[in-house]
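Enquirer: Starting off with a structure, shown below.
Each value in this text was obtained by applying a stated rule to the coordinates, not by laboratory testing. In this text the structure is predicted, and so the values were computed from the model without any measurement. Every residue, glycine as well, gets a Cβ built from its backbone with ideal geometry; the counts of neighbours run over all protein chains shown.
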Amino acid sequence: MKSKRIIDRKKAKEIEKKMLQRQRKVQYVFDACPQIETLETSPNPNKLPIGQLISACRQFMMGYYENSILNSAFAVEYSLLFKINSELNGTDKMAIAEKYKGGFDLRYALNLARGKWIDEPLYNELQLLNNLRDMSAHPSNWITLYKLLGKQFADEEIAKKWVSKAANKSPVQIAESLKDGFDVEKAKQTHAAMSSYADARWANLPDLEWATKKDTLAFQRDYVRRYLQPMVDELLNDKKIIGLIQNPSTAAEFVMNRYRFPEDTALRAIDMAFEALKQLKVI
């Protein structure tokens, strides 16, 4: 019983440590925004987008990455809608209501704000945020995202194809460049360990690709590949894979800790939302 309490305390300390690490990554948002307690009684309507951004940061700290992405997108959408509402007259608003009978969403708001209230680089970034929002808003897409990540480890043929393309080398060229110091037997053990790691986390998730939002699914596939490009460069072109496979049992944990897809994606969403609120003069 005593050992269990010790383990629980160690686990709690580790969780707290990770939360503090993530807090440091978004502290710039907390420093730039008013205290959320003062927003609750503020008459300023901008308290809504600011509150959404603060919520995104708090959820990021807790490790609730999909919620963090959604709230980052909501912060931008609130800000854009308030800006558009203040700039357009009644006739313009009625025209929008007639044109967008299915609802005036973030994508339409971005197109209207483009070049007027947000610059072109930010517009392009926020297109990405809208895709990330759609990815998080549809559970089938979020589950499929994890299945996509798992396939990078588990399916040898899939892995070989995307790795070869990402490294811009054929499998033969990759093998030739790594032959000095590359332990084939250790590599097989590493692949087996990574497959086991993926199976333990994703193998029992249902295949919901049939239910995904298809344009978002296409974005996810491309985004996963682009995100993993630095990993391929480091492991193959910089030959760090030689050191990685020295400890096959820890290889998967190392990769997932070094290339933290959901965490990095949520942090990028917060960064984009923060820049949008600055350009829209909300903060």
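Enquirer: Determine by what factor the alpha-carbon radius of gyration of the range 185-283 differs from 2.2 N^0.38 Å, reporting the quotient.
Expert: 1.39
Enquirer: Please report Rg over Rh for the range 70-117, where both radii come from the alpha carbon positions and Rh follows the Kirkwood definition.
Expert: A ratio of 0.96.
Enquirer: Right, something else. Measure up LYS13/LYS240; LYS179/LYS240; LYS47/LYS83; LYS165/LYS240; LYS47/LYS278; LYS25/LYS278 against 21 Å on the Cα-Cα distance and list the ones that go over.
Expert: LYS13/LYS240
Enquirer: Taking the simple approach of a point 7 Å from Cα along Cα-to-Cβ for both ARG114 and ALA218, what is their distance in nm?
Expert: Taking the simple label geometry, ARG114 and ALA218 are separated by 1.7 nm.
Enquirer: Note down the nm distance, to one decimal, between modelled labels 7 Å out along Cα→Cβ at GLU14 and at LYS99.
Expert: 5.4
Enquirer: Next question, about the same structure. Arrange the following residues from fewest to most other Cβ atoms within 10 Å of their Cβ: ARG201, ARG24.
Expert: ARG24, ARG201
Enquirer: So what are the chain's ellipsoid semi-axes, whole angstrom, largest first, if each one is the square root of 5 times an eigenvalue of the alpha-carbon gyration tensor?
Expert: Each semi-axis is √(5λ); the values are 40, 25, 17 Å.
Enquirer: Using helices alone, what [θ] at 222 nm do you get for the chain, with -39,500 (n - 2.57) per DSSP H run of 4 or more residues, divided over all residues and rounded to the nearest 500?
Expert: Calculated at 222 nm, the ellipticity per residue is -24500 deg cm²/dmol.
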